[in-house]
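Working notes, structure below.
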Amino acid sequence: MRRNWLSYPYLFWVLLFILLPLLLVLYYSITSITGEGIRFTLEHFQRFMEPIYLRVLFRSVKLAFISTVLCLLLGYPMAMILAGKNFKKKNVMVFLFVVPMWMNFLLRTYAWMTLLEKNGLINTFLARLGLSPLNILYTEKAVVLGMVYNFLPFMVLPIYSVLSKIDKSLIEAAEDLGANGITVFRKVIFPLSLPGVASGITMVFMPAVTTFVISRLLGGGQFTLIGNLIEQQFLVAGDWNFGSAISMVMMAVILLSIGIMSRYERENEGGGLW
Amino acid sequence: MQEIIIDLVNVSKNYNGTEALNNINLYIRKNEFVTLLGPSGCGKTTTLRIIGGFEKPSSGEVYFNGVKINDLPPYKRKVNTVFQKYALFPHLSVFENIAFGLKIKKMDKKIIDKKVREVLAMVNLAGYEKRKIDSLSGGQQQRIAIARALVNEPEVLLLDEPLGALDLKLRQEMQFELKNMQQRLGITFVYVTHDQEEALSMSDTIVVMKDGRIQQIGTPIDIYNEPKNAFVADFIGESNIINGTMVQDYLVNFAGLDFECVDSGFGQNEPVDVVIRPEDIQVVSEAESPLRGEVKTVTFKGVHYEMIVQSNGIHWKIHSTGMEPAGTRVGLKIVPDAIHVMRRVTAK
């Protein structure tokens, strides 16, 4: 308690760089500048309720949801293999999974453009094999691919870390009580890994729902996501008030998803003893 | 005598070249309380895990009711285990933990309810069904672990140092309760511990192990009174172990003196280990015994005093209800019955 003053710089930081900007965004979202000056209004939120914008929101949530599900389906088995006791090259694999994250995000996504191009590497290869070309660049599929590629490590790592911490004797206890491999997974391993799954889902869904780089590069600008919409309002249209309102909506979506997920994470809090 | 339920024949186990078990031969009878006793690393837990099916022997056979079960996975064996750290499922309630095995067997819900309630009453935790595992104390978790295993009505219950984490008082209570349960239910118990008192007070049969080998199998009384070698003597209770020479039948020489003893069948002048329990040495006046020395230390141990007496180059450990203060010159008297002569255990 007597070291309270140590926290003051952080408190100052929080006020200046987190709380203040948030309040500013909130302020912009509920005000509008007219000839008579500034007035409070909900017109920006009303405007967002127009079908064209709701469709963008729906598309963002849908693509992020699909990517999250795909990441989970791909990432969970991967995490299980990594956490398995028979896997010797474990550290190398975990390392390789992390390495791409050190590379520039833009560059990684850009690389997919050249791979997926009409005359890109993948289509050249398919042509050699006499197969029909794959034309998914500038489609929703390419956007989902980009999201899965970029965010998969965020799904694998939390699940891996939870799985590798599960006490092996719990698995033996389940076997001892008559559970075969599938039942052990269903009744013990999977329920115990839920906190990892929950944080994996949160960590994939959040950046996926807010991304604007992936949709711009791989979607060719045809698939406006909520991130692109915000970017446009601030950088192109110069409508800070509407942009702020959209940001507030997005924050609400994210808060909602975190709220749902944290229910699963909290469940295991008391289990810290094990 | 009851029939044999578990039979280990020439069982060995290697872990990447390290030998954990060396040619174990052991049979366990129905309704027997067998304790595997030894220091850590002696192979007792490995033996238990082989019976449970968590390890496969590198060589040798494991029989259960006469059927070879070497390759039978744990979930198909009619044994249940109480794990060292209980291994209760933290995401399930007490009821769900205990019902785990019954639900897998797809038992009727009403029967499950009834059985869980019965077994909870048996371990004195009636009414705890809805509690979370982490809200229980160590002793309660331990009872739940036992209940979870017993509710499946196994033919054999394996217990891996189940009381190791409990405090002394609770441990003694649980020893009593476990023994009681075993007799009441008529289930075979295979119990692993490094605590020799626990082994002596609970077991029908004790298997003393060291370095992956069985040293001695016998009743607690046999093992205490007739240890086969110096290791067993030292591990079960406290002992004075002295280098000696068997002069001839019924006569052994140690501490520079000849003593009458009850052992025979050794070679003439064969080097032997002489084992004498600390409570078997009587402290007398110097005149009464040729073995004389000086009391070095006296420690009060509760029930008895422990005296260290130095005599003829040996520090004798003596347990007695009476005591002589440090510095006193005393005589030590050892009756022939108290002298256990053992063949030297030659290093492998």
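Side notes on the structure shown:
- Count of residues meeting criterion [open to solvent by 60 Å² or more (accessible area, probe 1.4 Å) and either more than 21 Å from B:Val335 (Cβ to Cβ) or assigned to a strand (DSSP E or B) (or both)] in the stretch B:272-293: 2
- The stretch B:149-183, subset of a type in the set (Lys, Arg) and at pLDDT below 90, residue nearest to B:Lys114 (Cα to Cα): B:Arg171
- Identity of the residue in the stretch B:174-196, among the charged types (D, E, K, R) and outside any loop (DSSP other than H, G, I, E, B), that ends up farthest from the chain's Cα centre (by Cα): B:Arg184
- Among the residues of the stretch A:125-140, those that are farther than 26 Å from A:Leu225 by Cα and surrounded by 12 or more Cβ atoms within 10 Å (Cβ to Cβ) comprise A:Phe125, A:Leu126, A:Ala127, A:Pro133.
- Listed conditions (1) closer than 29 Å to B:Ser135 by Cβ; (2) surrounded by fewer than 22 Cβ atoms within 10 Å (Cβ to Cβ); (3) in contact (Cβ under 8 Å) with a residue 40 or more places away in the chain; (4) of a type in the set (A, V, I, L, M) are all met by A:Met203, apart from (1).
- Within the stretch A:124-151, the residues that satisfy the criterion of being free of Cβ contacts under 8 Å to residues at least 12 places away in the same chain and part of a helix (DSSP H, G or I) are A:Thr124, A:Phe125, A:Leu126, A:Ala127, A:Arg128, A:Lys141.
- Here the stretch B:103-127 is the region considered, the condition is being more than 12 Å from B:Val151 (Cα to Cα) and open to solvent by less than 50 Å² (accessible area, probe 1.4 Å), and the residue that is farthest from the other protein chains (Cβ to nearest Cβ) is B:Leu125.
- Residues that are surrounded by fewer than 22 Cβ atoms within 10 Å (Cβ to Cβ) and out of contact with any Ser or Thr (no Cβ under 7 Å at 6 or more places or on another chain) within the stretch B:219-229 comprise B:Ile221, B:Asp222, B:Tyr224, B:Asn225, B:Glu226, B:Lys228, B:Asn229, listed in sequence order.
- Of the set (1) within 22 Å of B:Pro74 (Cα to Cα); (2) crowded, with 19+ Cβ neighbours inside 10 Å, all apply to A:Leu152 but (1).
- Pair list, Cβ < 6 Å and 6+ apart or interchain, from the stretch B:280-309 residues that are without any contact (Cβ under 8 Å) to a residue 40 or more places away in the chain and within 27 Å of B:Tyr224 (Cα to Cα) to residues that are among the β-branched types (Val, Ile, Thr) and open to solvent by 70 Å² or more (accessible area, probe 1.4 Å): B:His304/B:Thr321
- Summed over the stretch B:126-160, the residues that are out of contact with any Phe, Trp or Tyr (no Cβ under 7 Å at 6 or more places or on another chain) and not in a helix (DSSP H, G or I) give a count of 14.
- Residues of the stretch B:47-73 that turn out to be open to solvent by less than 10 Å² (accessible area, probe 1.4 Å) and facing chain A (nearest Cβ under 8 Å), as a count: 1
- Of the residues making up the stretch B:152-168, those that are open to solvent by 10 Å² or more (accessible area, probe 1.4 Å), within 14 Å of chain A (Cβ to nearest Cβ) and either more than 18 Å from A:Glu175 (Cα to Cα) or hydrophobic (A, V, I, L, M, F, W, C) (or both) are B:Glu161, B:Gly164, B:Ala165.
- Against the numbered list (1) open to solvent by 30 Å² or more (accessible area, probe 1.4 Å); (2) in a helix (DSSP H, G or I); (3) more than 21 Å from B:Leu48 (Cβ to Cβ); (4) away from every other protein chain (no Cβ under 13 Å), B:Arg171 comes up short only at (3).
- Against the test of being more than 7 Å from chain A (Cβ to nearest Cβ) and not aliphatic (A, V, I, L, M), the options B:Lys85, B:Lys76 yield a single qualifying residue, B:Lys76.
- So B:Glu306, is it in contact with a strand residue (DSSP E or B) (Cβ under 7 Å, 6 or more places away or on another chain) and either assigned to a loop (DSSP other than H, G, I, E, B) or open to solvent by 50 Å² or more (accessible area, probe 1.4 Å) (or both): no
The values are calculated or read from the model by the stated rules, or taken from the named source; none is laboratory data. Source: prediction; values computed, not measured. Positions of Cβ are generated from backbone atoms using ideal geometry, with glycine treated the same way; all protein chains shown enter the neighbour counts. All accessible areas refer to the heavy atoms of the entire protein, side chains included, with ligands and DNA or RNA removed. Shrake-Rupley method; radii C 1.70, N 1.55, O 1.52, S 1.80 Å.
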